[in-house]
Each structure stands twice: as structure tokens, then as C-alpha cells.
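Encoded as C-alpha cells, the structure appears first; notes follow it.
The values are calculated or read from the model by the stated rules, or taken from the named source; none is laboratory data. All of these numbers come straight from a predicted model, not from anything done at the bench. Every residue, glycine among them, receives a Cβ derived from its backbone with ideal geometry; neighbour counts consider all protein chains shown.
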Amino acid sequence: MGTSAIAARPLSVRLHSPRASALDGSGAAVEIAQLRKTYGSLVAVDDVSFTVAQGEIFGILGPNGAGKTTTVECAVGLRTPDSGTVRLLGLDPQTDRDEVHQIVGVQLQSSAQPDKLTVSEILDMYRSFYREPADVTELTEVLGLASKRDDFYKSLSGGQRQRLSVALALIGRPKIAVLDEMTTGLDPQARRDAWALIEGIRARGVTVLLVTHFMEEAERLCDRVALVDHGRVVALGSPASLAAQASGGKTVRFLPSASFDDRVLTDLPEVSHVERRGQHVVVTGSGELVNAVLFALAGVSVEAREVQLGSSNLDDAFLRFTGEDSSASKEN
Amino acid sequence: MTTLSLSLPTAPKRAAFGKIVQNEARLALRRPARQLGSIAIPLVLVVLFGKLGTFHQAVPGAGGLTLFDAYVPVLMVFSLAMLALMGLPMPLASYRELGVLRRLSTTPVPPSWVLAAQGIVQLCVALATIAIVLTASIAAFGERAPVSPTGLAASIVLAIAGLFPIGLVIAAAARTAGGANVLGRVAFFPLMFFAGLWLPRALMPPALLDISNFTPLGAAVQAIQASMLQGFPPVAPLLVLAGYAVLFSYLARRFFRWE
């Protein structure tokens, strides 16, 4: 239950942005307040508010059709909200369009490039749009596209296209990077590479707004997440705190060596719930749950075998807050 | 943002516009098949018609006009029409389909610049084709130099102004590149009929000629032919072309979507 993400964390240093502390205290990177956007009778975004600090990796999480992409599209000025405010480093994407586009790099869902342009031709063109662009050679090296510079877009793999798309989001040296479903459709290795990449982006002092429906991704990368459902923020906080809010806490699962009365465990103050799953017993509770359970079992001469510990994770939070199984929405 | 507005690049962004034009030119060169029709067909026809003796005999009751005289303006208009009605809307619709225009909307550069860049590239191809057709017909097949070069230039400029916005409206009406291609063809063939590709205007019955006069390609041929043989063209065809330019620019502005 959600422990692999921690084990897989690489040794790369997670630098917090020096810029974040250098700028004035109020300087949130992204401020969205009471955002609302409808398409005819369809309410895409009902009421969304959140603030992202500079240097943060902030995740917008939710089932398909929850309003994640519309929120982001309003945030970067692609759509005009019906009501509510959006500020990016204090700028309004509707009225300060030019300036916002200079400081925000966007990676859009399903946005392709012409087949018969090479990687460096595309990058070179986008580079010319910005005041202080990044270096194409350096960027392609960082993103593992150096050997593909002279290849046509047509010949790139899905992962390479995705990395080019990220490169285009970063070519203008943005202060805020908005990445919409950047790992959807990638194989597991490419996805892990992309995660390392996002951590690398943050290490450069860039604030990252990440839209995803992968729990593991949010748990692994995000400092804080907003769980969005039916156009509203239903929960907001760090992945760990959301997970803690989501359930009664810890679980112990074991195979008893002999039969015993459930009351042996339900009488314990640490235990809130006991459930039999086949021959296994799953105990939910808090505090020193494992010790208490094992001690009580020893008292009735029952040995616990195949003991597994679990703690609730973002998946549980997702389920709890949206009433939807996140694994059901993992594949579009 | 959702309506079409063309703004001219300012000095600091001229480099960016240059890069866009450069990439559009590369794309045009790398997909030669798309350009081939609009260049090759008029060239092949001008050579073919030029070699045919019958095309150099006067058409009865047309004041000494030969079939070849009648076809040179049609072939000049052919490349313009092909580029405006198919060459322009197809890549544009495909850019919209791919999300290229949407992606550009998030950069400091407006997506309309891609439109302008594509227009410029297409225009260069069209003007080059017109120049070759004109030169070949004069140098190799004894066509007279245009009586009114100014009139010819004005006619071509107005024809471009009238035709390109029609291409934009096609790109606006079509959802996909494939749809733009179909709509472009549907517009192209009847318009070329009225331009006189199958039945030269000199041979059209009066009723047909009246209709032809009010179609964009018919008016363009009328104006170009007058400039070639008589002098500065009459006002009527120029007004027709200007009318199409105004009407379709308005429609393109009103209905073109970037995504």
C-alpha cells in the first residue's frame, strides 16, 4: 500500500528555490480564487481556490472530467474564467498576457508539432519568442534529446515527444512551469525519467503546477496537492496529510496460527476495526497497533504469521474524497 | 483570442517572425507534393496549349482573341486558386487539429503569426508560378507582353486579397485537415469552371458569362485578361474582387477558431 514511491526516490538533491525566499513574503507563484468556468450548461469548474508558493511542486489531482485541465487553461490565459481571479506572480493572465506568457512555460495535453521539422528547428523557433531563453544545446542534453536534435518530429517516440514538449515549456526560462498530464501514455521507465526531470526543474527554482491523475506521481513529487472533483477542491494539503485524513490510520494484516475470538482484538483500545478476509485477519487502528495486537494474540497462544503493515495513502484519500477508485481512472 | 486578428510584428519580435517563416518555408520544401500541383499543372498546360496550333487561331467573334490568349490568364489564376483554397486552409486546419495553434497561444507570440507566415510562403510560390507562366507564354509561345503592367499587378493583388480570405473561411468551416481538403476541392472545381478552365470565357453563353463575372476567379480572369490585351481593367471585376476580400475577411475574422 503506497510504500514503493518512497523507496524509489533518487539521490538527487531537492533544492528549494533560492528565489522563493529572496522575493517578498507575499509572492505566491499562483493564486487562484473562486474560479468558475462553464461551457453552456456544463459546469467545468465550479469553485476552485488554491495558492502555490514559489518553488513548490503543486499537484492538481482528480478523476477524468473533474475540471483539472479547465482550471489550468484558465490559469495560463487560454480560457477566460466566468468569475474568480487568477494571478501568476501577481499578474493577471487576461490583462497582462504578454508578461504572463514570458514567465509561464506550458506543456499542454495532446499538443503535437509538424512532422517534418527537426527537434532543433522547433526549439530554435520557440526560443526566439522569449526575452531570455535557455540554450538549446544544454536543454536537449538535460532532457536526453541531444542525439535527436536533427531528427524529424515524426520519428520521435512517445517519450521523446513528451520530453520535447517539456523542453518547449522550459525554453523561455519560465518562473512557473505548468505541466498537464505529462506522463500519461509513457511507459514506466519514461515516467520515472519524467519524474526525475520535474525534480530537476524545481531544483532550478521553477515553480511547478502539475496536473495528473496518477496517485503515485503526486505522492512522489508534490509538496502539496489539491484534490479536485466535480469542479471543486475537495481536499488540499500534503500527500501525507491527505492520506492521514482519509482513513482511521494503520492496518495490520496477518494469518493466525489458530482460531481466536475477534473480541481478543476489538477489546484493545488501539483497535478500531477487525475484519476477516479469507484466512487472513485485517486489523485497523492507531497508536502502537502492532505491539498491542501481537501481545494480545500471544495471550491466547495464537501466533501471527505473514504479518503485513500498511498505512493509508493518497489512493485511499482519493477514494475517500471523490468516492471513486483512482485505479479506474488510471487509463483513459 | 478566439477571433482572427492579424497584427504586424514589432521590431523586437521580427526575429521571431523570421523564424516562423523559415520553418514554414522548410515545411513547404519538405512536402513538395503539396506544392507540385499548383506549380506543375499550370506549367504543363501552358506548354501543352502553347504547342497546339489550334490554340493560336482566333476564336470566331471574339475580336482576334486566340484560345491561348484566353488560357494564359486562366492558368495564372489557377495557381493562386489552388494555393488559396487548398494550400492555405489544409496546413492551417492541421495545425489547429494538432494543437500547434493552441500551444502558440501560450507563448508571447500570437498564433496569427503562423497564419501570416504561411500566407507569405504560399504567396511566394503563387507569384513565382505566375511569373513563370507569364514569362514562358511570352518568350516561348509568342504571347504579347501585358498592355498594362500596372493593371496586371493591381488585378493580381486584388485576386490575392479576394481569394486568401476564402481559404481562411474554409479553414474556419472545416474541423480537420481532411475536411479542409474536401471543402477546398469542392470550392476549387466550380470556381475554376467559372474562371474558364474547361470552357473559356470567350466561348461561354451570355448567361454563364454573367455568373462568371461575379465569381472571384471569373472576375480575376476578366481583369487579368483585360490588362494583358487591352489596358487597365474595367472597374467591375476589380470591385467584385474587392467585395470578396471585404466579405470573406469579415467572415474569417468572425468564425476562425484557433482551437
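Just to verify a result, which residue in the range B:15-45, among those that are more than 10 Å from chain A (Cβ to nearest Cβ) and modelled with pLDDT under 85, is nearest to residue A:73 (Cα to Cα)? Only one residue fits best here, namely B:34. Of the residues screened, residue B:106 is one that is part of a loop (DSSP other than H, G, I, E, B) and among the polar types (S, T, N, Q). The condition (being surrounded by fewer than 20 Cβ atoms within 10 Å (Cβ to Cβ), closer than 30 Å to residue A:51 by Cβ and without any contact (Cβ under 8 Å) to a residue 12 or more places away in the chain) is satisfied by just one residue among A:96, A:135: A:96. The residues in the range A:103-120 that are within 7 Å of another protein chain (Cβ to nearest Cβ), more than 23 Å from residue A:210 (Cα to Cα) and surrounded by fewer than 21 Cβ atoms within 10 Å (Cβ to Cβ) can be counted, and the count is 2.
When the range A:222-242 is filtered for residues that are within 18 Å of residue A:30 (Cα to Cα) and hydrophobic (A, V, I, L, M, F, W, C), the ones remaining, listed by number, are A:222, A:225, A:226, A:227, A:228, A:233, A:235, A:236.
Cβ separations smaller than 7 Å between residues 6+ apart or across chains give the following pairs from the range A:144-169 residues that are touching a residue at least 60 places away in the same chain (Cβ under 8 Å) to residues that are among the aromatic types (Phe, Trp, Tyr) and crowded, with 20+ Cβ neighbours inside 10 Å: A:168/A:126.
Tell me yes or no: at least one residue of the range B:79-95 is surrounded by fewer than 21 Cβ atoms within 10 Å (Cβ to Cβ) and without any contact (Cβ under 8 Å) to a residue 60 or more places away in the chain. Scanning the range B:79-95 turns up no residue that is surrounded by fewer than 21 Cβ atoms within 10 Å (Cβ to Cβ) and without any contact (Cβ under 8 Å) to a residue 60 or more places away in the chain. The listed residues are A:100, A:72, and the only one of them that is within 14 Å of chain B (Cβ to nearest Cβ), within 26 Å of residue A:42 (Cβ to Cβ) and assigned to a helix (DSSP H, G or I) turns out to be A:72.
With respect to being among the hydroxyl-bearing types (Ser, Thr, Tyr) and either farther than 25 Å from residue A:163 by Cβ or facing chain B (nearest Cβ under 8 Å) (or both), residue A:41 fits the description. Screening the candidates B:78, B:49, B:68 for the property of being modelled with pLDDT of 85 or more, touching an Asp or Glu at 6+ places or on another chain (Cβ under 8 Å) and away from chain A (no Cβ under 14 Å) yields one hit, B:68. Determine if the range A:73-83 includes at least one residue that is touching a Gly at 6+ places or on another chain (Cβ under 9 Å) and of a type outside the set (Gly, Ala, Ser). Checked against the condition, which is being touching a Gly at 6+ places or on another chain (Cβ under 9 Å) and of a type outside the set (Gly, Ala, Ser), the range A:73-83 yields at least one hit. When the range B:65-101 is examined, which residues are found to be in a helix (DSSP H, G or I) and out of contact with any helix residue (DSSP H, G or I) (no Cβ under 8 Å at 6 or more places or on another chain)? Residue satisfying the conditions is B:98 alone. In the range A:75-97, the qualifying residues are those that are within 20 Å of the chain's Cα centre (by Cα) and either more than 9 Å from every other protein chain (Cβ to nearest Cβ) or modelled with pLDDT under 90 (or both), and the one that is nearest to residue A:207 (Cα to Cα) is A:88.
Scan the range A:121-139 residue by residue and report those that are over 15 Å from residue A:174 (Cβ atoms), facing chain B (nearest Cβ under 7 Å) and in a helix (DSSP H, G or I). Scanning the range A:121-139 gives A:121, A:124, A:125.
Within the range A:35-68, restricting attention to residues that are of a type in the set (Val, Ile, Thr) and surrounded by fewer than 21 Cβ atoms within 10 Å (Cβ to Cβ), the residue that is nearest to residue A:107 (Cα to Cα) is A:51.
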